[in-house]
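Here's the structure we're looking at; comments come further down.
The values are calculated or read from the model by the stated rules, or taken from the named source; none is laboratory data. Since we're looking at a predicted model, the values are computed, not measured. Cβ placement follows ideal geometry from the backbone for every residue including glycine, while neighbour counts extend to all protein chains displayed. Side chains included, ligands, DNA and RNA excluded: accessible areas come from the protein's heavy atoms. Shrake-Rupley method; radii C 1.70, N 1.55, O 1.52, S 1.80 Å.
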Amino acid sequence: MKFGVIVFPGSNCDQDAYYAVRDVLKEPVEYIWHQEHDLKGVDCVIVPGGFSYGDYLRTGAVARFSPVMEAVKEHTDKGGYAIGICNGFQILCEAHLLPGALVSNDCLKFVCKYVQLTPANLNTPWTNQCKNGQVLNIPIAHQGGNFVCDQETLKRIEDNGQVILRYCDEAGRVTPEANPNGSLNNIAGVINERGNVAGMMPHPERAVEKILGSADGLNILRSVIEWARR
Amino acid sequence: MAKVKVYVTLKPSLLDAQGRVVQTALENLGYGNVEDVRIGKYIELEVKENGQTLDTQIEEMCRKLLANPVIENYRFEVTE
Amino acid sequence: MLIKEPGSKTVSKNTEPIAPEVYREMGLIDSEYQKIVEVLGRHPTYTEVGMYSVMWSEHCGYKYSRPILRLFKKYKEALEGEGLENAGVIDIGDGYGIVMKMETHNHPSAVEPFQGAATGVGGILRDIFTMGARPIACLNSLRFGPLDDAHNRYLFENVVAGIAHYGNCVGVPTIAGEVVFDDCYSGNCLVNAMSAGIVRIDDIASACAKGVGNSVLYVGSSTGCDGIHGATFASVELGPDSENRRPNVQIGDPFQEKLLIEATIEALKTGFVVGIQDMGAAGITCSTCETSAKAGTGMEIDVLKVPRRQSDMTPYEVMLSESQERMLAIVEKGHEDDVAAVFKKWGLNAVVIGHVTDDGLVHVWEGDQLVAEVPAKSLADDAPTYYLETEEPEYLKEVRCFDLTKIPEPADYNEALEKLLGSPSIASKEWVYRQYDHMVQTNTAILPGADAAALRIRGTKKAIALVCDCNGRYCYLDPFVGAQIAVAEAARNLACVGAKALGVTDCVSFGNPEKPQVFWQFKRAIEGMAEACEAFDTPVISGNVSFYNETPETAIYPTPVVGMLGLIEDADKHCTPEFKREGDVVALLTGRRITKDSESDPGFCAVNDLGGSEYLKVMHNVVAGQPPALDIEAEKRLHTCLIEAISSNLLSSAHDCSDGGLAVALAESSIGGKLGVEASIVADCSASVALFGEAQSRAVISLPPDKLGELGELVEKHAIECTILGKVQGDRFKIDVNGVTVIDREVEQITRVWKNAIPERMEGRA
């Protein structure tokens, strides 16, 4: 599967995502500059973390108007895969490719730490390599990861199985204490209705090798490769 | 040249964590009568007339970029 | 093109004298002004005197510290040789070098903590990537007054937020640091930002303006009036009017910095950049005169070409502005567009503002008006240096004769331990490092909270470890020994993760050097540090001096912070401080060899080891005695043994035994591993000394029982001591001293105390 990593001015997890795909997953990958109109034929777009355009105004608000986002929209409209990680998730929400929005953490501070996640729906392009009840150890690093949406939307995405990951404790229990940022229903990741677009605040690309403390992020990244192969 | 003042606020249905902290701080300073604090953004634009209706243009700017309708409300004033 | 009117080739000989109150206000003294007049052969223009005042301030010109800093071997060699910048690289093999530097932002942070700390991070990062290195780590060393004071809490909260804001946005992990609280830092907080970068040894960039005719490219943010006279501001004591100096504080934009990092690294790859330097303190003045002085060239620039944020700026303001996120690049003639194109791709300014000349002079034009003409070398290198008087401070006599044997034993050792664990200087710093992105770049192999942080180096088997350290209280009691211990403890921290110390960057903060007692402290500390660095074979590759850290009420402790780099040969073989499994043997490694006369002393503390201890401060509010003795040779033996034991996979955990003594070291290993311990100490001293004394050259380790034999061989080989203390087991933290159980607590309870100390004080909740 050919991956493309978008580079916005201010992206800072682009090189990490690129490394994870090329050196750990051993799949082909290319950078795509934010002013490109063409996705160079990639199968899966990664919208990486960072502070695109300094996150000024609102996180992700400016980035969504980059020329490349037009191309990403066309790509996903045709069923192409795209995943937004952290700032990338914020950008995809701003671009209305994903439901809801991300606001400031309830503690108002930046939080960087390993958190535990439990998959909420295994039958998606992004979680099919996870096991039922599995607890994934993947870090977060954000100040605005508090997932919000209106009640109607919440009901819809919950009923549709569009919630793919939730924050949980070490035993896999979804509790308020395990919620690092105040997200509704402990939501850590969602997909669009079709399932080909995903967004998640935790960084799977940071948990790809034992020396980094965990390789659980590979479950997410390998899922899309497996899904496309089926 | 028109001067436009845009006010962006979080929707009332959303918890304003920053506002809550400021309210507590004000209480600690002895202002126990502050019932609520909502923090928003204030944006100033200087806009050249280009024949299009200014209001429609600003409305569009707000919806597209200056505010995120999923979480925010906005209003604006035009002064010359 | 600069317009050169025949008549305006030089500044008029008939310049008017500058009024004394004007140059004094800028920080120059009368004799310095006279020296400027001699150098120029005329009175300086207003712009020129401004340029001299910043370049000859202590902050840029090191006019007081330079004679003492020559004690650092590498510094002296560098001054005499090719210049400082090339000295700042440590070769780690495989073709890679590590550059690192630490710098204070004390004064700006005291006035505006958020921006002061943020721009401190920004400045130090630019020092790294203008050498052609990609920044891979940030560290910081912070000092504040006690947290029961609201203003100290405000400073702490905002300094940490400022560092987080900047470091997180630029995408450089903040992986380690230290935070210390003490009364003497009330009103004089210390904010030291450190950064390290990696570079192919062959690709190190120069900061020389070589090649007559080459173009001078201004790169980055536009210039505003911010920070004018920031460099001189850093060279005066803080007084009641410091708050009014707010306009001096620069505002940082980490987004611009991130673009600058990427653009600079890309621009250097074009091969057309001859030299490059950050515009930090003293802005365009410093970067133009330093780059030309280093190359022995001159430079002509036009201030009208400088991109500006404000329209009505004078040449004086443009030359002295300290607006952030700007750099000066010297570009091969004819290739200006190639280089500018890279910066423009990243949305940055890149404008030719002048060119390199051969006359050794910096000419500053405002259009067709010449506003300054000064010899680059005189600005950059000829700051007057002063051999200040030294005098041993009076207070030392008193604190040294304090009788430590008079200190009573605590009523309850459990409570004493909890008081220490709850002391913010010892307590968990999680509240701080949670706010820093310490994992971006995906190389962090040892996360914050360990003795040192480690980063694996991609493309090699290696990892580097980084740490910064200083015990100001020790330095107050004896600056020579205190500074040596700072070096020793940093190296010990590295050894505890399995890294061999390779080099040092220092960042030293003192009070007003014009006071002989303060200058004595400075001189003794640097002598101690220089001697220790030589003994450990860790050259000081860069550094920074900050004076005038005092208010009319208090001066800070001498605080010579050591930043140290270590190398782990095999990244997979590193060690962390927390206990790993039940049944492991817990032992104390001591560098000091037990001699025949002290056969009854199994390597624990003597009463003198309470001198300057955290225990004495926290329990008795006493800062007295002498710092613990340091035997550098013994210390080195301990480190070698630790590193070998870790690389042979013998150890489950290793933790430096320092602030708070053996009891605190054991507690931290226990808390980190969520595992209990049962330890017995047999000591020829009181229980408080055995538990809380801070004897040097010690580390707490744990290991599987079947590895004891192999460890014993190493211990014998390196002539150190290994004392078995007990076992990792259960969920209680239990210590016996001479057969009496003095400490017995649930691990969970001491964990709460240690973890909640800072959050409770900052947020009023756990």
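For a quick check of your reading: which helices (runs of 4 or more DSSP H) sit entirely within region C:349-435 and have at least 3 residues that are open to solvent by 20 Å² or more (accessible area, probe 1.4 Å)?
Details: elements: C:376-380, C:395-400, C:413-421, C:430-433.
Hits in region C:349-435: C:395-400, C:413-421, C:430-433.
Yes or no: C:ILE228 within 14 Å of another protein chain (Cβ to nearest Cβ), open to solvent by 10 Å² or more (accessible area, probe 1.4 Å) and on the phi < 0 side of the Ramachandran plot? Full working, then the answer.
Details: within 14 Å of another protein chain (Cβ to nearest Cβ): no; open to solvent by 10 Å² or more (accessible area, probe 1.4 Å): yes; on the phi < 0 side of the Ramachandran plot: yes.
Judged against the criteria, C:ILE228 is not a match.
For region A:64-77, check the following and say yes or no: at least one residue is among the β-branched types (Val, Ile, Thr), away from chain C (no Cβ under 11 Å), surrounded by fewer than 21 Cβ atoms within 10 Å (Cβ to Cβ) and in contact with a strand residue (DSSP E or B) (Cβ under 8 Å, 6 or more places away or on another chain). Quick ask: steps written out before the conclusion?
Keep residues of region A:64-77 that are among the β-branched types (Val, Ile, Thr), which gives A:68, A:72, A:76.
When the remaining residues are screened for being away from chain C (no Cβ under 11 Å), the result is A:68, A:72, A:76.
When the remaining residues are screened for being surrounded by fewer than 21 Cβ atoms within 10 Å (Cβ to Cβ), the result is A:76.
Subsequent filtering for residues that are in contact with a strand residue (DSSP E or B) (Cβ under 8 Å, 6 or more places away or on another chain) retains A:76.
Looking through region A:64-77, at least one residue is among the β-branched types (Val, Ile, Thr), away from chain C (no Cβ under 11 Å), surrounded by fewer than 21 Cβ atoms within 10 Å (Cβ to Cβ) and in contact with a strand residue (DSSP E or B) (Cβ under 8 Å, 6 or more places away or on another chain).
Determine if region C:481-504 includes at least one residue that is over 22 Å from C:GLN626 (Cα atoms) and surrounded by fewer than 24 Cβ atoms within 10 Å (Cβ to Cβ). Break it down stepwise before answering.
Filtering region C:481-504 down to residues over 22 Å from C:GLN626 (Cα atoms) leaves C:493-504.
Those still in the list that are surrounded by fewer than 24 Cβ atoms within 10 Å (Cβ to Cβ) too: C:500, C:502.
Within region C:481-504 (the criterion being over 22 Å from C:GLN626 (Cα atoms) and surrounded by fewer than 24 Cβ atoms within 10 Å (Cβ to Cβ)), the answer is yes, since at least one residue qualifies.
Could you run through region C:26-79 and say how many residues are in contact with a Ser or Thr (Cβ under 9 Å, 6 or more places away or on another chain), basic (Lys, Arg), within 30 Å of C:ALA530 (Cα to Cα) and outside any helix (DSSP H, G or I)?
Going through region C:26-79 one residue at a time, the tally reaches 1.
Looking only at region C:720-731, count how many residues are in contact with a helix residue (DSSP H, G or I) (Cβ under 6 Å, 6 or more places away or on another chain) and aliphatic (A, V, I, L, M).
Let us first name the residues in region C:720-731 that are in contact with a helix residue (DSSP H, G or I) (Cβ under 6 Å, 6 or more places away or on another chain), namely C:720, C:722, C:731.
Filter once more, keeping what is aliphatic (A, V, I, L, M): C:720.
Count: 1.
Taking strands (runs of 3 or more DSSP E) that do not extend beyond chain B, which have at least 1 residues that are closer than 25 Å to A:LEU154 by Cα, among the hydroxyl-bearing types (Ser, Thr, Tyr) and open to solvent by 50 Å² or more (accessible area, probe 1.4 Å)?
Those strands (runs of 3 or more DSSP E) span B:2-10, B:72-79.
Are any of the residues in region C:195-210 in a strand (DSSP E or B), at pLDDT 90 or above and farther than 17 Å from C:ARG126 by Cα?
Residues of region C:195-210 in a strand (DSSP E or B): C:195-200.
Those still in the list that are at pLDDT 90 or above too: C:195-200.
Subset that is farther than 17 Å from C:ARG126 by Cα: C:200.
Yes, because at least one residue in region C:195-210 is in a strand (DSSP E or B), at pLDDT 90 or above and farther than 17 Å from C:ARG126 by Cα.
Any idea which of A:CYS44, A:CYS93 is within 10 Å of another protein chain (Cβ to nearest Cβ), open to solvent by less than 10 Å² (accessible area, probe 1.4 Å), under 30 Å from A:ASN179 (Cα atoms) and of a type outside the set (Gly, Ala, Ser)?
A:CYS93
Since A:ASN181 meets every condition but one in (1) within 13 Å of another protein chain (Cβ to nearest Cβ); (2) open to solvent by 30 Å² or more (accessible area, probe 1.4 Å); (3) assigned to a loop (DSSP other than H, G, I, E, B), which condition does it not meet?
(2)
Answer with yes or no whether C:PRO577 is more than 22 Å from C:GLU644 (Cβ to Cβ) and touching a residue at least 24 places away in the same chain (Cβ under 8 Å).
Details: more than 22 Å from C:GLU644 (Cβ to Cβ): no; touching a residue at least 24 places away in the same chain (Cβ under 8 Å): yes.
Spelling it out, it is not the case that C:PRO577 is more than 22 Å from C:GLU644 (Cβ to Cβ) and touching a residue at least 24 places away in the same chain (Cβ under 8 Å).
Looking at C:VAL342, C:VAL303, C:VAL352, C:VAL318, which one is within 14 Å of chain A (Cβ to nearest Cβ) and in contact with a helix residue (DSSP H, G or I) (Cβ under 7 Å, 6 or more places away or on another chain)?
Answer to the selection: C:VAL342.
Specify the residue that is nearest to the other protein chains (Cβ to nearest Cβ); the eligible residues are those in region C:250-277 that are crowded, with 24+ Cβ neighbours inside 10 Å and at pLDDT below 90.
For region C:250-277, the residue satisfying everything is C:GLY252.
Select from region A:1-41 the residues that are on the phi > 0 side of the Ramachandran plot and without any contact (Cβ under 8 Å) to a residue 40 or more places away in the chain and write down the one among them that is most open to solvent (accessible area, probe 1.4 Å).
So, considering only residues that are on the phi > 0 side of the Ramachandran plot and without any contact (Cβ under 8 Å) to a residue 40 or more places away in the chain, the one most open to solvent (accessible area, probe 1.4 Å) is A:LYS26.
Residues of region C:329-348 being part of a helix (DSSP H, G or I) and open to solvent by 60 Å² or more (accessible area, probe 1.4 Å), which ones? Don't jump to the end; show me each part of the working.
Step one: filter region C:329-348 for residues part of a helix (DSSP H, G or I), giving C:336-345.
If the condition is that a residue be part of a helix (DSSP H, G or I) and open to solvent by 60 Å² or more (accessible area, probe 1.4 Å), then C:ASP337, C:ASP338, C:LYS344, C:LYS345 are the ones that fit.
So the check is Cβ under 7 Å with 6+ separation or different chains; which pairs have a first residue in region B:55-80 that's over 19 Å from A:LEU97 (Cα atoms) and a second one that's open to solvent by 40 Å² or more (accessible area, probe 1.4 Å) and modelled with pLDDT under 90?
Here the result reads B:ASN73/B:LYS11, each pair linking region B:55-80 to a residue that is open to solvent by 40 Å² or more (accessible area, probe 1.4 Å) and modelled with pLDDT under 90.
Taking region C:156-187 only, how many residues are touching a strand residue (DSSP E or B) at 6+ places or on another chain (Cβ under 6 Å), part of a helix (DSSP H, G or I) and over 22 Å from C:LEU565 (Cα atoms)?
3
Please list, ordered by first then second residue, the pairs with beta carbon atoms under 9 Å, 6 or more apart or interchain, first in region C:107-125 and aromatic (Phe, Trp, Tyr), second open to solvent by less than 10 Å² (accessible area, probe 1.4 Å).
C:PHE114/C:VAL159; C:PHE114/C:GLY162
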